[in-house]
Amino acid sequence: MSSDSLTAALGHAFSDRGLLQTALTHRSFGIPNNERLEFIGDGVLNCVIGLELFERFAQLPEGDLTRLRATLVRGETLHRIAIALNLGRYMRLGEGEAKEGGVTTPSILADAVEALIGAVYLDAGFDAAAGVISRLYLPLLAEIRPEKVGKDPKTRLQEWLQARKRPLPAYEVLEIAGTPPQQCFTVACRIANPAMKTRGEGPSRRTAEQDAAGKALQALET
């Protein structure tokens, strides 16, 4: 599978294409794999997102900035970015992992995003990696509402409904795919008034519920 469209989406042309290939190689495929690159990428990502938030939200205290950064660098957010990049189509996995649907496993895809960031850093330095991160996170950063910092989607959805004296949502697990520690939960969030059902996914029931609640809240607010 050609990776040209992936590098175009990243906005970075690798001088060392071996770094790109390693970043897309899961440990089940063999050695070298992307685990060490993931370690580097995690550190660079936290630093760059921290700087972005510091510059964008000059009035936010340290605690709120920390919570925002944690939300932006967590696995669910990285998985969302991986889906946007269609990253699964480029991954190299061992035969067993591939048969179990590893190319759709949220944790594998999230780790690969961090590995890609690490690969860009080693290939061209901090500024290049920061540029890729800024490009990938631009729509996510634009969604941030400082007044809502610290409240998770389930809490905000509950408050939205309570303020309008409407029934609270109900959550139901629809599917659990994979085996620990690489499970993917699919959860439904049902609202009675207005009648609505959204689906969320995540590596745990809690994160899937948060995803579903966030989608419901977005629909209600728009």
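The values are calculated or read from the model by the stated rules, or taken from the named source; none is laboratory data. Remember, predicted model here, so these are calculated numbers, not experimental data. When we count neighbours, we look across all protein chains shown, and the Cβ atoms used for this are built from the backbone with ideal geometry, even at glycine. These area figures cover heavy atoms from the full protein model, side chains too; ligands, DNA and RNA do not enter into them. Shrake-Rupley method; radii C 1.70, N 1.55, O 1.52, S 1.80 Å.
Determine whether ASP127 is crowded, with 19+ Cβ neighbours inside 10 Å, of a type in the set (Asp, Glu) and more than 17 Å from ARG205 (Cβ to Cβ).
Judged against the criteria, ASP127 is not a match.
For the condition hydroxyl-bearing (Ser, Thr, Tyr) and open to solvent by 80 Å² or more (accessible area, probe 1.4 Å), what is the one hit in THR71, THR22, THR104? Working first, answer last.
Numbers: THR71 fails: open to solvent by 80 Å² or more (accessible area, probe 1.4 Å); THR22 fails: open to solvent by 80 Å² or more (accessible area, probe 1.4 Å).
Result: THR104 is the single residue among THR71, THR22, THR104 that is hydroxyl-bearing (Ser, Thr, Tyr) and open to solvent by 80 Å² or more (accessible area, probe 1.4 Å).
Tally up the residues in region 191-207 that are without any contact (Cβ under 8 Å) to a residue 24 or more places away in the chain and either in contact with a Lys or Arg (Cβ under 8 Å, 6 or more places away or on another chain) or open to solvent by less than 50 Å² (accessible area, probe 1.4 Å) (or both), please.
Of the residues in that region, 4 qualify.
Residues being assigned to a loop (DSSP other than H, G, I, E, B), open to solvent by 50 Å² or more (accessible area, probe 1.4 Å) and more than 21 Å from ALA110 (Cα to Cα): count how many of those fall in region 140-190.
Residues flagged as assigned to a loop (DSSP other than H, G, I, E, B), open to solvent by 50 Å² or more (accessible area, probe 1.4 Å) and more than 21 Å from ALA110 (Cα to Cα) within region 140-190 amount to 8.
Could you tell me whether any residue of region 30-42 is in contact (Cβ under 8 Å) with a residue 24 or more places away in the chain, open to solvent by less than 80 Å² (accessible area, probe 1.4 Å) and touching a strand residue (DSSP E or B) at 6+ places or on another chain (Cβ under 7 Å)?
Checked against the condition, which is being in contact (Cβ under 8 Å) with a residue 24 or more places away in the chain, open to solvent by less than 80 Å² (accessible area, probe 1.4 Å) and touching a strand residue (DSSP E or B) at 6+ places or on another chain (Cβ under 7 Å), region 30-42 yields at least one hit.
Of ARG92, ARG80, which residue is surrounded by 15 or more Cβ atoms within 10 Å (Cβ to Cβ), closer than 24 Å to GLY178 by Cα, basic (Lys, Arg) and under 17 Å from the mean Cα position of the chain (by Cα)?
Going through ARG92, ARG80 in turn, the sole match is ARG80.
Which helices (runs of 4 or more DSSP H) does region 1-67 wholly contain that include 3 or more residues that are at pLDDT 95 or above?
17-23, 35-56
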